[in-house]
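Remarks on the structure that follows.
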Amino acid sequence: MNAVSTAVDPLPPAVDDVLRRYWGFEALRPLQGSAIHAVLERRDSVVVLPTGGGKSLCFQVPALIGDDPGVALVVSPLIALMKDQVDGLVASGVPAARLDSTMSSDARQATFNGLRDGRFKLLYVSPERLMGDGGAGFQATMARTGVRYIAIDEAHCISHWGHDFRPAYRQLHDLKGQLGMKKPDGFKGSFYRSNLVITAHKKG
């Protein structure tokens, strides 16, 4: 993995515009700009940031830059997490959607209709929806809709919980050759938290 700390070229002005319009931020955190730059340049990358480090923006912001057709496909492990992310995006005006097993058939159909009409920029799905029994049909839909890029969120589930916890994650390499990742850029933030202290005391 190539260690990259800063973007070689400046980010397009549209990044700042999108950041202010949808999230109300005036500036990116360290490494976010470099990670966003890698996506915009269509380079493979691995982003490792602590909880609260702003990882989601690294794949959400690029989906709103430019007028390329298709959606950014975000693979996420938990329905509650997907719902929270998408609800927050929609509330901020971002054209995002999700597909999961808790949705009614009408709601799922409405999402497919929106995909067909090009109304969404981000689509959240679980790895099982992509790689399960109905995955072939979904992948065919995505092929017609067009996929700008794929973000694998919370990929640490594989190593943290063991390879058998979510086997569908290990099958994601079948989606497209790019997931074989050739010399991906690497972005790793610091996990040091100045407000956390660990102490040990001898039991008396």
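The values are calculated or read from the model by the stated rules, or taken from the named source; none is laboratory data. Note that the coordinates shown come from a computational prediction; the quantities given were computed from them, not determined experimentally. So basically every Cβ, Gly included, is an ideal-geometry build from the backbone, and we count neighbours across all protein chains shown.
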Conditions (1) of a type in the set (D, E); (2) closer than 27 Å to G24 by Cβ; (3) without any contact (Cβ under 8 Å) to a residue 12 or more places away in the chain; number of the one not met by D106: (2)
Selection within segment 23-58 - more than 20 Å from Q85 (Cα to Cα), modelled with pLDDT under 85 and in contact with a helix residue (DSSP H, G or I) (Cβ under 7 Å, 6 or more places away or on another chain): D44, S45
Listing of strands (runs of 3 or more DSSP E) fully contained in segment 32-140 that carry 1 or more residues being of a type in the set (S, T, N, Q) and buried (at least 16 other Cβ atoms within 10 Å of the Cβ): 45-48
